[in-house]
Amino acid sequence: MKKINRRKFNASLALGMGTVMTSPLACATAISPQKKLGVALVGLGSYSEYQLAPALLETAHCYLAAIVTGTPAKEKIWAEKYNLPSTHIYNYENFDSIANNKEVDIVYVVLPNSMHADFSIRAAKAGKHVICEKPMAVSVEECDAIINACEKAKVKLSVGYRLHSEPYTQEIKKMVKEKYYGEVRYVAADAAYFSNSHPNQWRLDRKLSGGGALMNMGVYSIQSAIYGSGQNPVSVIAQEFSTRPQYFKDTDETITAQFEFPNGAMGSIFTSHNVNMNRSHTAFEKGWVALNPANNYGPLAGHTSDGKVLNFPHESQQKLQMDDFAKHILFGSENLVPGEMGKRDMIIIEAIYKSIQEGGKKIPLDLGMMGIV
Ligand code: NAD
């Protein structure tokens with residue numbers, strides 16, 4: 001098997017030392033500014049294997065330092081592929097001893113949703129910065145517990161919303177902020193895929209997933225609606241649809257919801273595990289911008305009402321995301337996806353489920369500027 005060299009140090013980073021020395025470091029352990037940050041991936045499923053680990057071979061400011069897995073067979077394969085010593089391989093039981101591993105700076109939790117809070121909190125207690133995959137947890141209460149644990153341990157926290165580091169998404173946010181075509185009047189966001197994988201998979205098991213399409217793809221449509229409008233919603237009304245109840249026994253298949261925004265704009269989201277949809281549309285007073293696809297691994301594509309085609313070079317979104325978080329830790333740059341944003345979205349998710357339970361009742365939301373980036 002081909003070995004991939006670990007890249008502990010990056011001499012080029014030393015060029016940035018002037019800014020580094022003045023930056024606030026949150027971690028109790030002082031970090032050498034020349035050092036790349038070591039990332040431990042917790043859970044070696046498809047996202048870790050095919051997206052995050054390959055991206056960590058490209059990152060400028062972090063590298064794969066350790067793995068945490070419950071599947072012994074994966075240990076040898078990953079150790080050989082990524083040249084990891086046995087001292088950098090953990091399982092779910094001995095995970096807490098990662099506190100003693102000085103090479104691990106960031107723990108990235110990539111487990112089924114109901115396990116996010118437990119492992120994020122344990123990582124914080126081990127003194128490690130945390131990236132928690134989306135959705136941040138399965139309840140607002142769990143999001144609070146993660147945020148509190150990170151604050152108490154004085155470690156940084158982010159959620160795996162990779163699109164905030166992605167240029168098409170950043171362009172939408174910029175156009176909205178700069179009122180490119182005036183005020184936003186309406187935003188529509190669809191995020192869905194057709195699922196027919198094994199009925200025993202964890203995404204169909206509410207105890208592990210916390211919910212269905214809304215918890216999985218729905219967070220993308222909620223995110224698109226918020227950065228596509230530049231505001232947090234003040235109310236939501238939601239509806240649920242099921243066309244394959246035999247398959248989706250325990251989790252939601254299709255959900256639509258409508259938001260009201262503070263400036264009077266409307267938002268409409270669609271999410272499903274029953275069809276492939278992946279687009280966003282922001283309608284301003286005098287024009288519009290649309291992305292299709294809007295939230296896959298890229299390259300994304302977009303155009304505007306006056307014929308402008310958005311065109312940005314493609315890079316791994318996961319590489320950009322992890323480097324942005326590492327720069328936040330190393331250089332004190334903005335945390336593009338703070339824990340509060342994951343919590344904000346969980347408040348909205350809970351409100352959507354509540355609206356459905358109450359027959360489509362309008363649920364007020366009091367989010368202020370929470371999680372707006
Ligand atoms: P996956 O099913 O491919 O992998 C899940 C991993 O968790 C496996 O390694 C599995 O062994 C492990 N695991 C531990 N306990 C388990 C249990 N009780 N049941 C099932 N698996 C268990 O899932 P994935 O697609 O890698 O998703 C993992 C997380 O990453 C999820 O929270 C998901 O929402 C998130 N994710 C995010 C993105 C993104 O673009 N940000 C993309 C895919 C997945």
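The values are calculated or read from the model by the stated rules, or taken from the named source; none is laboratory data. Values in this document were obtained by computation on a predicted structure and should not be read as measured data. So basically every Cβ, Gly included, is an ideal-geometry build from the backbone, and we count neighbours across all protein chains shown. When the accessible area is computed, the model is the full protein with side chains, heavy atoms only, and any ligands, DNA or RNA have been set aside. Shrake-Rupley method; radii C 1.70, N 1.55, O 1.52, S 1.80 Å.
This table checks each residue for (1) more than 15 Å from GLY38 (Cβ to Cβ); (2) crowded, with 18+ Cβ neighbours inside 10 Å; (3) within 15 Å of the ligand (Cβ to nearest atom).
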site: SER86; (1), (2), (3): yes, no, no
site: VAL107; (1), (2), (3): no, yes, yes
site: MET115; (1), (2), (3): yes, yes, yes
site: PRO135; (1), (2), (3): yes, yes, yes
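Looking across segment 56-78, the residues that are within 11 Å of the ligand (Cβ to nearest atom) and among the small types (Gly, Ala, Ser) come down to GLY70, ALA73.
Of the numbered criteria (1) assigned by TED's automatic domain parsing to the domain that holds GLN223; (2) crowded, with 23+ Cβ neighbours inside 10 Å; (3) over 30 Å from GLY302 (Cβ atoms), the one PRO199 fails is (2).
When you look at GLU93, is it touching a residue at least 24 places away in the same chain (Cβ under 8 Å) and open to solvent by 50 Å² or more (accessible area, probe 1.4 Å), yes or no? No; evaluated as a whole, the condition is false for this residue. Looking across segment 284-324 at every residue that is more than 16 Å from the ligand (Cβ to nearest atom), touching a helix residue (DSSP H, G or I) at 6+ places or on another chain (Cβ under 7 Å) and of a type in the set (A, V, I, L, M), the one that is farthest from ASN263 (Cα to Cα) is identified as LEU310. Scanning segment 89-135 for residues that are among the hydroxyl-bearing types (Ser, Thr, Tyr) and over 20 Å from SER46 (Cα atoms) yields one hit, SER97. For segment 209-222, a residue qualifies if it is open to solvent by 10 Å² or more (accessible area, probe 1.4 Å) and either assigned to a helix (DSSP H, G or I) or more than 12 Å from the ligand (Cβ to nearest atom) (or both), and the qualifying residues are ASN216, TYR220. Restricting GLY264, GLY307, GLY302, GLY359 to those that are assigned by TED's automatic domain parsing to the domain that holds GLU171 and either open to solvent by less than 40 Å² (accessible area, probe 1.4 Å) or touching an Asp or Glu at 6+ places or on another chain (Cβ under 6 Å) (or both) reduces the list to GLY302.
If I filter segment 227-240 for residues that are farther than 29 Å from TYR108 by Cβ, in a helix (DSSP H, G or I) and modelled with pLDDT of 95 or more, do I get at least one hit? Looking for residues that are farther than 29 Å from TYR108 by Cβ, in a helix (DSSP H, G or I) and modelled with pLDDT of 95 or more, one finds at least one in segment 227-240, hence yes. Exactly one residue out of PRO313, PRO293, PRO299 is farther than 30 Å from PRO245 by Cα, within 20 Å of the chain's Cα centre (by Cα), at pLDDT 95 or above and not aliphatic (A, V, I, L, M): that is PRO299.
Cβ-Cβ distances below 8 Å connect the following pairs, each with a first residue in segment 157-170 that is charged (D, E, K, R), a second residue that is more than 9 Å from the ligand (Cβ to nearest atom), and a separation of six or more residues or different chains: ARG162/LEU320; GLU166/GLY298; GLU166/LEU300; GLU166/LEU320.
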